[in-house]
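Asker: Right, I'll just put the structure down here and ask away after.
The values are calculated or read from the model by the stated rules, or taken from the named source; none is laboratory data. Note that the coordinates shown come from a computational prediction; the quantities given were computed from them, not determined experimentally. Cβ: placed from backbone, ideal geometry, glycine included. Neighbour counts: every protein chain shown.
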C-alpha cells in the first residue's frame with residue numbers, strides 16, 4: 001500500500017457510503033470510485049502525495065448549460081474564504097458537471113473527511129436531482 005493515510009481515510013468514506021464495495025482492488029491504485037444514482041460518480045484520488053482529491057462527475061440538468069447556468073458556475077468559482085475550496089467545471093460535450101475539492105491529508109481525521117465528502121455528495125446530488133438550480 002503506497003499511500004496509507006489516503007487509504008485509511010478513503011475506507012472511512014466507503015464504509016459509510018458504499019459499505020458493500022470491495023476495497024482490496026484499490027490497494028495499489030490510490031483511486032476509489034463510488035457511484036450513486038447510476039450517473040453520479042465520486043472519485044477519491046490519492047495520486048498527489050499528501051492530498052486527497054474528491055471529484056464528482058454527473059450528467060447535469062439542461063439549465064446548467066444555458067448562459068445563465070454557465071454564469072452561475074463562474075460565480076461559484078470566484079474567490080472564497082471557504083476551506084477547502086470547491087471548484088466547479090463542465091464537460092459540455094458530454095453534458096456533465098464536475099465538482100472537486102482537495103485537502104491535505106495531515107489536516108484531516110475520520111470526522112472531517114466524512115464531512116468534506118458529505119458536502120460534495122450533497123452539492124453534486126442536489127444539482128444532479130434538480131434540487132439546486134442556477135442562480136438567476
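Asker: Which is in contact (Cβ under 8 Å) with a residue 24 or more places away in the chain, exposed (fewer than 11 other Cβ atoms within 10 Å of the Cβ) and more than 11 Å from residue 134 (Cβ to Cβ), of 94, 78?
Answerer: Residue meeting the stated conditions: 94.
Asker: Among the residues of the stretch 43-60, write down those that are surrounded by 17 or more Cβ atoms within 10 Å (Cβ to Cβ) and not in a strand (DSSP E or B).
Answerer: Selection gives 46, 60.
Asker: Can you pull out every residue in the stretch 110-136 that is surrounded by fewer than 17 Cβ atoms within 10 Å (Cβ to Cβ), more than 15 Å from residue 86 (Cα to Cα) and in contact (Cβ under 8 Å) with a residue 12 or more places away in the chain?
Answerer: Within the stretch 110-136, 110, 129, 130, 133, 135, 136 qualify.
Asker: When the residues of the stretch 63-74 are narrowed to those that are more than 23 Å from residue 102 (Cα to Cα) and in contact with a helix residue (DSSP H, G or I) (Cβ under 8 Å, 6 or more places away or on another chain), which ends up surrounded by the fewest Cβ atoms within 10 Å (Cβ to Cβ)?
Answerer: The residue in question is 63.
Asker: Here is a further query. Among the residues in the stretch 75-83, are any touching a helix residue (DSSP H, G or I) at 6+ places or on another chain (Cβ under 8 Å), outside any strand (DSSP E or B) and at pLDDT below 95?
Answerer: There is no residue in the stretch 75-83 that is touching a helix residue (DSSP H, G or I) at 6+ places or on another chain (Cβ under 8 Å), outside any strand (DSSP E or B) and at pLDDT below 95.
So that you can scan it fast, the table gives a plain yes or no per residue for (1) over 30 Å from residue 11 (Cβ atoms); (2) in a helix (DSSP H, G or I); (3) more than 12 Å from the chain's Cα centre (by Cα):
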residue: 64; (1), (2), (3): yes, yes, yes
residue: 68; (1), (2), (3): yes, yes, yes
residue: 72; (1), (2), (3): yes, yes, yes
residue: 87; (1), (2), (3): no, no, no
residue: 125; (1), (2), (3): no, yes, no
residue: 135; (1), (2), (3): yes, no, yes
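Asker: Then there's this: Among the residues of the stretch 27-35, are any buried (at least 17 other Cβ atoms within 10 Å of the Cβ) and closer than 27 Å to residue 131 by Cα?
Answerer: Taking every residue of the stretch 27-35 in turn, at least one turns out to be buried (at least 17 other Cβ atoms within 10 Å of the Cβ) and closer than 27 Å to residue 131 by Cα.
Asker: Checking the structure you have, find out if any residue of the stretch 56-74 is at pLDDT 95 or above and farther than 22 Å from residue 135 by Cα.
Answerer: Within the stretch 56-74, none of the residues are at pLDDT 95 or above and farther than 22 Å from residue 135 by Cα.
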